[in-house]
Amino acid sequence: MEAIANGVGLVGGSLSAGAEADCAKPTGPELNPLKIIHRHSDGVVTFHGKQGDHFENLFAIRGEHLTRLFPEISHQLETDAFMSLNAYWHSEPNIHLLSAAQCRKPDRLRYLCACFADLDFYKLGLSYGQAIGTIIDDQDVGLIPPVSVVVRSGRGMWLVWLLHDSRNPKLPPRAWPEKQHQYQRVQGKIHECLARLGSDAHDAMRITRVPGSIHSGASERVRFFVQADYAGCCYSYTLDELSAHFGVRRGRTRRRGIEIPERSISRRSRGPKALTE
């Protein structure tokens, strides 16, 4: 487990049901919480909107341009706005808005930024305080690892576990096919663990609400709460660490109808052997 430093709404040690009383409420879409999840420069974040039942692909922005472009586009993210949780690839390096519809495709995933749980606890008659209390208990007994970010999305809640690359903790892991396969299995386990709290969809292309934006159905702004360790750093994990916690074993990855063991090629493999594997 790796802790990363940040400066957004830190809650030391563990979650607190009353922690948000100490945090200023957002007054508009916020960039800093967004960048806690998207810690990359060459990945693309997609943005989307919703009006009634109509869903709209707004635009996409490379990570390195988020700070510069966010003030220009924040007014479009004021109400019922969504962003991709993971990042995509696009060949265009210049500073301008990209097509969200073109970028947000399964074969364009570039970074796996976070694992998550989308909790519709209100559908089960539970309050926010009851759900938070259950999450604290689950952390205390080791059922789930400490959550990195809690998103109060309006009527429901998201739990986010930030991911980092084992070789470069400053970046999320690349979305190689075997990593996507491992990610899906971890997501499945998270979904099973939190089903009693209304855990919903768990695919890598999931979108979440933009921090600070208004959820029109709940008449509330989306709020992010970052859970920190006692050193004041946000929790972050490798996929292997989350896999070990949830009991996900390394399996076999299927590519084009052929099953191959993950990381089957030895560093010493050469020539025909490496090609065959």
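The values are calculated or read from the model by the stated rules, or taken from the named source; none is laboratory data. Bear in mind that the values here come from a model prediction, so they are computed numbers and not experimental data. FYI the Cβ positions are ideal-geometry reconstructions off the backbone, even for glycines, and counts take in every protein chain you see.
If you scan segment 129-145, which residues turn out to be over 18 Å from H202 (Cβ atoms) and surrounded by fewer than 17 Cβ atoms within 10 Å (Cβ to Cβ)?
Selection gives G129, Q130, G133, I136, D137, Q139, D140, V141, G142.
When segment 179-193 is examined, which residues are found to be within 13 Å of the chain's Cα centre (by Cα) and within 16 Å of R110 (Cβ to Cβ)?
If the condition is that a residue be within 13 Å of the chain's Cα centre (by Cα) and within 16 Å of R110 (Cβ to Cβ), then Y183 is the only one that fits.
Considering (1) at pLDDT below 95; (2) among the hydroxyl-bearing types (S, T, Y); (3) under 21 Å from M83 (Cα atoms), say which one S266 fails and leave the rest.
(3)
Within segment 21-64, track down each residue that is part of a helix (DSSP H, G or I) and more than 19 Å from the chain's Cα centre (by Cα).
A21, D22
Out of curiosity, is Q180 without any contact (Cβ under 8 Å) to a residue 24 or more places away in the chain, within 20 Å of V248 (Cα to Cα) and polar (S, T, N, Q)?
No; evaluated as a whole, the condition is false for this residue.
Evaluate segment 81-95: report whether one residue or more is out of contact with any His (no Cβ under 6 Å at 6 or more places or on another chain), at pLDDT 95 or above and either charged (D, E, K, R) or in a helix (DSSP H, G or I) (or both).
So far as segment 81-95 goes, no, none of its residues is out of contact with any His (no Cβ under 6 Å at 6 or more places or on another chain), at pLDDT 95 or above and either charged (D, E, K, R) or in a helix (DSSP H, G or I) (or both).
Return only the number of the condition from (1) within 30 Å of D138 (Cβ to Cβ); (2) of a type in the set (D, E, K, R); (3) out of contact with any Leu (no Cβ under 7 Å at 6 or more places or on another chain); (4) modelled with pLDDT of 90 or more that E2 does not satisfy.
All conditions pass for E2, except number (4).
Take the residues in segment 123-178 that are farther than 20 Å from S219 by Cβ and of a type in the set (F, W, Y); name whichever of them is farthest from the chain's Cα centre (by Cα).
Of everything passing the filter in segment 123-178, W176 is farthest from the chain's Cα centre (by Cα).
Kindly list, by first and then second residue, each pair from a residue in segment 116-143 that is under 17 Å from V226 (Cα atoms) to a residue that is modelled with pLDDT of 95 or more and assigned to a loop (DSSP other than H, G, I, E, B), limited to pairs with Cβ atoms under 6 Å and residues at least 6 apart or on different chains.
Between residues of segment 116-143 that are under 17 Å from V226 (Cα atoms) and residues that are modelled with pLDDT of 95 or more and assigned to a loop (DSSP other than H, G, I, E, B), the close pairs are A117/L194; Q139/P146.
Counting just the residues of segment 205-231 that are touching a Leu at 6+ places or on another chain (Cβ under 6 Å) and aliphatic (A, V, I, L, M), which one comes out surrounded by the fewest Cβ atoms within 10 Å (Cβ to Cβ)?
Among those that are touching a Leu at 6+ places or on another chain (Cβ under 6 Å) and aliphatic (A, V, I, L, M), it is A228.
So which pairs qualify, if the first residue must be in segment 43-72 and within 16 Å of P211 (Cβ to Cβ), the second must be crowded, with 20+ Cβ neighbours inside 10 Å and of a type in the set (K, R), the Cβ gap must be under 7 Å, and the two must be at least 6 apart or on different chains?
So the pair list comes out as T46/R104.
Quick check on R110: is it surrounded by fewer than 23 Cβ atoms within 10 Å (Cβ to Cβ), in a strand (DSSP E or B) and in contact with a Lys or Arg (Cβ under 9 Å, 6 or more places away or on another chain)?
Yes: the conditions hold for R110.
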